[in-house]
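Comments concern the structure below.
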Amino acid sequence: MTLRPDAGEAAETGPIDIALADIVSGKPVPPRPSHLTRVSARDAELRGLGVVPGLETAELGGWLLRTDPAPVGRLLKRANSCLAMGSPGLPFPEATERLLAFYAARDREPMAQVEQGSEVEAAFLAAGWRPLGRGDASFQATALARLHRLLAPGGGACAELVEAPHGHARGARAEIRDDHGTRIAAGSAVLDRDWLGLHGLSVDADHRRRGLATALVADLVEWGAEQGARTVWLHVETDNVTARAMYEKLGFREHHAVRYLVPA
């Protein structure tokens, strides 16, 4: 049996051979837990702030009030809701009053994003808030190295990839066009330190099930790898069965699930 010391020790000692007859006992060593298990739902969600540049935010203890002052197109729930995870640092009724006041002052409907099954969700429900009824999402993540091994850049499709800064964050956008130059698939990525967030992945209905979504992911992940990313994450709505199946094949696993709540 050969033991191989850590890299720092190997230079001095090299591999060590031990005869099997000299081994008295042993036990299996489980694989090292994923670093994702040490990241809270709140910290994971904070990685998504760069997805929508120019957000106005205000801290409320451990909660984060968010609104997009200049939205383009539809209002995004994640960008116009209170990230209500952890403690607000105030009695719950006072915290919700401040939440309501924040959105009323900005002519926005009040909304809270909570971790499903959490004590915070239970407190909101007990206070009379109710689920929005749409937009429940699964926060999924995987190691970039693992995903990179599964994907070939481009995936056989001709994608155009350009860097697209998101405010102070680095980002990239990938698009696939047909022979007539019409865009048929697109997606974006934002880099927060060594976390790469994928968002806005879409494929034209007439061109689905051709591997275009996977091709977009491959190109964006390749870009992220070049920037030093180590973890890839995304939000996928829980009722999007097709997308969830694709991400599962790519090795994504659910870190936590979120729900949006509104006053009754």
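Odds and ends about this structure:
- Positions within the stretch 73-101 being of a type in the set (A, V, I, L, M) and within 24 Å of W195 (Cβ to Cβ), in sequence order: L76, A79, L83, A84, M85
- Screening G228 against (1) under 16 Å from the mean Cα position of the chain (by Cα); (2) at positive phi leaves a single unmet condition, (1).
- Pair list, Cβ < 6 Å and 6+ apart or interchain, from the stretch 74-101 residues that are closer than 15 Å to T57 by Cβ to residues that are β-branched (V, I, T) and assigned to a helix (DSSP H, G or I): A84/V120
- Counting the residues of the stretch 59-70 that are loosely packed, with under 13 Cβ neighbours inside 10 Å and part of a strand (DSSP E or B) gives 1.
- Conditions (1) in contact (Cβ under 8 Å) with a residue 40 or more places away in the chain; (2) surrounded by 19 or more Cβ atoms within 10 Å (Cβ to Cβ); (3) out of contact with any His (no Cβ under 9 Å at 6 or more places or on another chain); (4) of a type in the set (G, A, S): number failed by A186: (1)
- Of the helices (runs of 4 or more DSSP H) lying entirely inside the stretch 71-169, those containing at least 1 residues that are at pLDDT 95 or above and surrounded by fewer than 18 Cβ atoms within 10 Å (Cβ to Cβ) span 92-104, 119-126.
The values are calculated or read from the model by the stated rules, or taken from the named source; none is laboratory data. Since the structure is predicted, the reported quantities are computational estimates derived from the model, not experimental observations. Quick reminder, even Gly has a Cβ in these numbers, built from the backbone with ideal geometry, and neighbours come from all protein chains shown.
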